[in-house]
Structures are given as structure tokens and as C-alpha cells.
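This report concerns only the one structure given below.
The values are calculated or read from the model by the stated rules, or taken from the named source; none is laboratory data. Quick caveat: nothing in here was measured; it's all calculated off a predicted structure. Quick reminder, even Gly has a Cβ in these numbers, built from the backbone with ideal geometry, and neighbours come from all protein chains shown. Ligands, DNA and RNA are stripped out before the accessible areas are found, and what is left, the full protein with its side chains, is counted by its heavy atoms. Shrake-Rupley method; radii C 1.70, N 1.55, O 1.52, S 1.80 Å.
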Amino acid sequence: PLSSLFSCAALSANFSPYNFPGSYWERAQFMTRISQLMFGTLFLASSTFAMAAVKIKTVEYKKGKDTFEGFVAYPENAKGKLPGVMVIHNWMGVTDETKTQATRIAEQGFVVFAADIYGKGIRPKSAEDAGKLAGQYRGGDRNQFREHLQLGLETLKAQAGVDASKTLAAGYCFGGTG
């Protein structure tokens with residue numbers, strides 16, 4: 001029983017499994033109970049800080065005549081303002097992988113905005129298409145790439161629940177070259 005575990009003299013400051021009174025078997029049982037208690041405590045603590053349920057919402061935003069379509073992911077039961085993270089997609093554009101990464105970050109207590117660099121509905125169908133499209137930004141017009149990044153950051157900061165003084169950007173492959 002748990003009560004006998006705490007009443008043991010073995011919990012004194014000079015405890016060692018070698019000076020614990022009793023047979024080897026009794027020491028082994030005591031150590032097993034201590035291990036179970038420690039792992040049980042860790043399990044309860046970890047379940048207390050379980051990952052938050054995440055809500056995802058599509059966000060359409062514009063710059064001049066260009067329309068972009070990203071999304072915001074945030075902890076469903078968030079209270080107050082949270083730090084914001086802008087996620088920049090890989091060369092395939094905003095995909096399910098982008099949503100997976102954004103959700104993973106949002107579960108940790110951030111508001112995540114997945115920016116769309118290419119524009120609404122512009123999604124490469126193959127690696128060859130992606131290479132051509134990404135090349136327009138990486139090797140071509142870096143200023144346009146950075147304008148789209150800045151627009152994404154402004155869109156993140158405008159989201160409800162974002163502490164605009166605590167933001168950062170994370171890019172995946174192509175997304176990190178801006």
C-alpha cells in the first residue's frame with residue numbers, strides 16, 4: 001500500500017537501496033514502488049499539460065490586385081494574447097504539410113499564420129512546376145518575395161489573440177530563403 005511507502009524510514013536524507021533494512025526482495029519491491037510513484041506522477045503531470053485542441057481558419061488577404069490565401073491555427077481555449085508565428089511554406093505552396101506544421105506549433109500555445117507567397121489558387125502540381133515557381137522568387141524578384149513576407153507578417157499581427165510585440169517567422173526550405 002502507498003501509505004506504507006511513505007512511512008518507511010528509508011525516505012530519510014541518507015537513503016540508499018543498500019542500507020535499506022530488510023531482504024533483497026523487500027528492497028526490490030520498495031524500489032519498484034518508488035519507480036511506479038515517480039512514473040505515475042510524471043504521467044499525471046504530462047496529461048495536465050496535454051496538447052491543446054487547435055482551430056484552423058482560412059484567411060484571405062490582399063495587396064493591390066493580388067489575393068492570397070493562408071490560414072491561421074490557434075489553441076481553441078486560449079486566454080489572452082499569445083505570441084505569433086508566421087510559417088512560410090515550402091516550394092509546393094500551402095499544403096497539408098503546412099497545416100501539419102502549423103498545428104504542431106499552435107498546440108504549444110502559439111497563434112500561427114501560414115502565409116501564402118504564391119497567391120490564391122497558385123499551387124504547383126509537380127516538383128518541376130514548383131522549381132519554376134519558386135525560382136521566380138529565389139533567383140528572380142527577391143523584393144516581391146520580401147513584400148509577400150511582410151504582408152504575411154502584417155496579416156499575422158492583425159489576427160485576434162496575437163501579441164504583436166512577440167512574433168517570429170519560420171520558413172521551410174523555399175520559405176526560409178526570403
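Values for this structure:
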{"quantity": "Failed item, numbered, when Gly131 is tested on (1) farther than 23 Å from Glu97 by Cα; (2) out of contact with any helix residue (DSSP H, G or I) (no Cβ under 9 Å at 6 or more places or on another chain); (3) not hydrophobic (A, V, I, L, M, F, W, C)", "calculated": "(1)"}
{"quantity": "Verdict on Ala106 being among the small types (Gly, Ala, Ser) and closer than 9 Å to Ala73 by Cα", "calculated": "yes"}
{"quantity": "Filter result for Lys79 (out of contact with any Asp or Glu (no Cβ under 9 Å at 6 or more places or on another chain) and either under 18 Å from Ile56 (Cα atoms) or acidic (Asp, Glu) (or both))", "calculated": "yes"}
{"quantity": "Residue match in region 144-154 (condition: surrounded by 15 or more Cβ atoms within 10 Å (Cβ to Cβ), within 27 Å of the chain's Cα centre (by Cα) and farther than 23 Å from Gly84 by Cβ)", "calculated": "no"}
{"quantity": "Helices (runs of 4 or more DSSP H) enclosed by region 91-178 - at least 1 residues per element that are at pLDDT 90 or above and under 20 Å from Val59 (Cβ atoms)", "calculated": "96-106, 142-157"}
{"quantity": "Any hit, region 127-138, residues being under 17 Å from Glu69 (Cβ atoms) and either touching a residue at least 60 places away in the same chain (Cβ under 8 Å) or of a type in the set (S, T, N, Q) (or both)", "calculated": "no"}
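A quick yes/no check of all residues on (1) open to solvent by 60 Å² or more (accessible area, probe 1.4 Å); (2) touching a Cys at 6+ places or on another chain (Cβ under 6 Å); (3) in contact (Cβ under 8 Å) with a residue 12 or more places away in the chain:
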position	(1), (2), (3)
Lys79	yes, no, no
Leu82	no, no, yes
Val94	no, no, yes
Ile117	no, no, yes
Lys120	yes, no, yes
Gly140	no, no, no
